[in-house]
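Written below as structure tokens is the structure these notes are about.
The values are calculated or read from the model by the stated rules, or taken from the named source; none is laboratory data. Because the structure is a prediction, the values reported are computed rather than measured. Reconstructed Cβ throughout: ideal geometry from the backbone, glycine too, with neighbour counts over all protein chains shown. SASA here: full protein model, heavy atoms, side chains in, ligands and nucleic acids out. Shrake-Rupley method; radii C 1.70, N 1.55, O 1.52, S 1.80 Å.
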Amino acid sequence: MKTRAEVADYTSQAKLAIVYGCKQCAGRDPNCACREMLRVETEAYEACVPRDFWKITPDDIHHNRKGFDEVVRPYCDKLRVARAKGYGLLLLGDNGVGKTTFMSYVLTRAISIGFTAFYTTLPQLDYEMKRGFRDSEAASRLREMLTSDFLALDEMGKESFKDGDSYMRTQVERVLKDRYDDGMPTVIATNASVSGLKKIYGATLASLLVGKYQIVVLQSGDYRKQMREQMEKDLGL
Ligand SMILES: [Zn+2]
């Protein structure tokens, strides 16, 4: 989560680089595309979308292209409907199969058409919530971010929450229930299965997932092999 001060700081730096450094207008044309670029970039920063994925386009998606073309892309074409009806996505698959890439794509698309967004992982959310115990400003900022138009929760069902941490389970359930009740879409990614999630978080949460989440199953395939080949090519090995 970024504080307001961090966002303001980032915005003024990005304005120097993107707007005043614009080759087209050097900051002189308020209608130049650089202004929109600045808006999207600073909102992606505030939304905590991982920076590597800010400029992702469909051409960058090579692995699990089928799931992307059949579900993620059509979903992104209907973001206004998804927002109005609270339809979310549930991305299932091992680590490193592209879940974060897909989520980031959804969030940057949402930001580009004017929606607010927030990306977080379960360990990060755990940290932010506990920080909120002693910092009321952080707590209210987190509440605000969690009510963004589109929320992405990555690493659901992470090992550390399997045993004992009932506080976090309750909080996650509350966030998802509130969004469900308010008709707000959430994008969830996990390396657990739906029944695995049910085991970790209980039946209430599992029931929230039925009917309002489009499920995308991502294949492990030879993604890591492809990555290694690319790395070897890049390094000239
Ligand atoms: Zn410009």
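Before anything else, pin down the relative contact order of the chain: Cα pairs under 8 Å, at least 6 apart, normalised by residue count, whole percent. If you can, show how the numbers build up before the last one.
Working: 312 pairs, mean separation 59.9, N = 237.
Relative contact order of the chain: 25 percent.
Evaluated at 25 °C with a viscosity of 0.890 mPa s, what Stokes-Einstein diffusion coefficient in µm²/s does segment 1-46 have when Rh comes from the Kirkwood expression over alpha-carbon pairs? Before the final figure, lay out the partial values.
Values: Rh = 10.6 Å.
The calculation lands on 231 µm²/s.
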- Query: For the chain, what Kirkwood radius comes out of the mean inverse Cα-Cα distance, in Å?
  - Reply: 19.0 Å
- Estimated translational D of segment 120-214 in µm²/s (Stokes, Kirkwood radius over Cα pairs; 37 °C; 0.692 mPa s): 241 µm²/s
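With +1 on each Lys and Arg Cβ and -1 on each Asp and Glu Cβ, and nothing else charged, work out how big the dipole of segment 1-46 is about its Cα centre, in Debye to the nearest 20.
Roughly 160 debye, rounded to the nearest 20.
Just order 108-116, 66-74, 5-13 by mean Cβ neighbour count inside 10 Å, highest at the front, would you?
Working: 108-116: 18.3, 66-74: 16.7, 5-13: 12.4.
Descending mean neighbour count gives 108-116, 66-74, 5-13.
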- Item | Value of relative contact order over segment 100-185, rounded to a whole percent, pairs C-alpha under 8 Å and six or more apart | 31 percent
- Task: Give me the distance between the Cα centres of segment 182-198 and segment 18-41, rounded to whole Å.
- Result: 38 Å
- Message: Strictly under 4.7 angstrom between C-beta atoms: which cysteines of the chain have no such partner?
- Response: 48, 76
- Query: Rounded to the nearest 20 Debye, what is the dipole magnitude of segment 182-237 about its Cα centre when Lys and Arg each give +1 and Asp and Glu each give -1 at the C-beta?
  - Reply: 220 debye
- Query: So how far apart, in nm, are the two label points at residue 228 and residue 2 if each is 7 Å from Cα heading toward Cβ?
  - Reply: 3.7 nm
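Full extension from residue 134 to residue 174: what is 0.36 nm times the residue separation minus their Cα-Cα distance, to one decimal in nm?
Numbers: separation 40, 0.36 × 40 = 14.40 nm, distance 2.03 nm.
Stretched fully, the residue 134-residue 174 segment lengthens by 12.4 nm.
Add +1 for every Lys or Arg and -1 for every Asp or Glu among the other residues with Cβ under 9 Å from the Cβ of residue 87, and state the total.
Numbers: positive: 78, 83, 85, 212; negative: none.
Local net charge: +4.
Viscosity 0.890 mPa s, temperature 25 °C: what is the translational diffusion coefficient of segment 49-116 from Stokes-Einstein with a Kirkwood Rh over Cα pairs, rounded to a whole number of µm²/s? All intermediate terms of the calculation are to be shown ahead of the outcome.
Values: Rh = 12.4 Å.
Once the numbers are plugged in, D ends up at 198 µm²/s.
If you count, for each residue, the other Cβ atoms within 10 Å and average over each peptide, how do 120-132, 143-155, 24-36 line up from highest to lowest?
Working: 120-132: 17.3, 143-155: 20.7, 24-36: 13.2.
Final packing ranking: 143-155, 120-132, 24-36.
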- By a straight-distance test (C-alpha under 21 Å), which lysines pair with residue 15 as possible cross-link partners, with residues fewer than eight away in the same chain excluded? 2, 23, 55
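What is the mean projected area of the alpha carbon convex hull for segment 47-168, to one decimal in square nanometres?
Numbers: hull surface 33.3 nm².
Across all orientations, segment 47-168 yields a mean hull projection of 8.3 nm².
How many percent of the accessible area of segment 1-46 is carbon or sulfur, using a 1.4 Å probe? Before the final figure, lay out the partial values.
On the way: 1520 of 2900 Å².
Ligands and nucleic acids excluded, carbon and sulfur give 52 percent.
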- Message: At 18 angstrom or more along the helix axis (alpha-carbon based) and mean Kyte-Doolittle of 0.0 or higher, what helices does the chain contain? Whole DSSP H runs only.
- Response: 99-112
- Item | Per residue accessible area of the chain, 1.4 Å probe, in Å² | 53 Å²
- Task: Could you please state, rounded to a whole Å, how far the C-alpha centre of segment 91-116 is from the C-alpha centre of segment 131-145?
- Result: 24 Å
- About the Cα centre, charge dipole magnitude for segment 48-234 (Lys/Arg +1, Asp/Glu -1 at Cβ), debye: 340 debye
- Report the local net charge at residue 113: Lys and Arg +1, Asp and Glu -1, summed over other residues whose C-beta lies under 13 Å from its C-beta. +1
- Tensor-based shape of segment 174-237 (alpha-carbon gyration tensor, a/c under 1.5 rounded, otherwise prolate or oblate): prolate
- Task: With a 1.4 Å probe and every protein chain kept in, tell me what percent of the accessible surface of segment 115-237 is carbon plus sulfur.
- Result: 51 percent
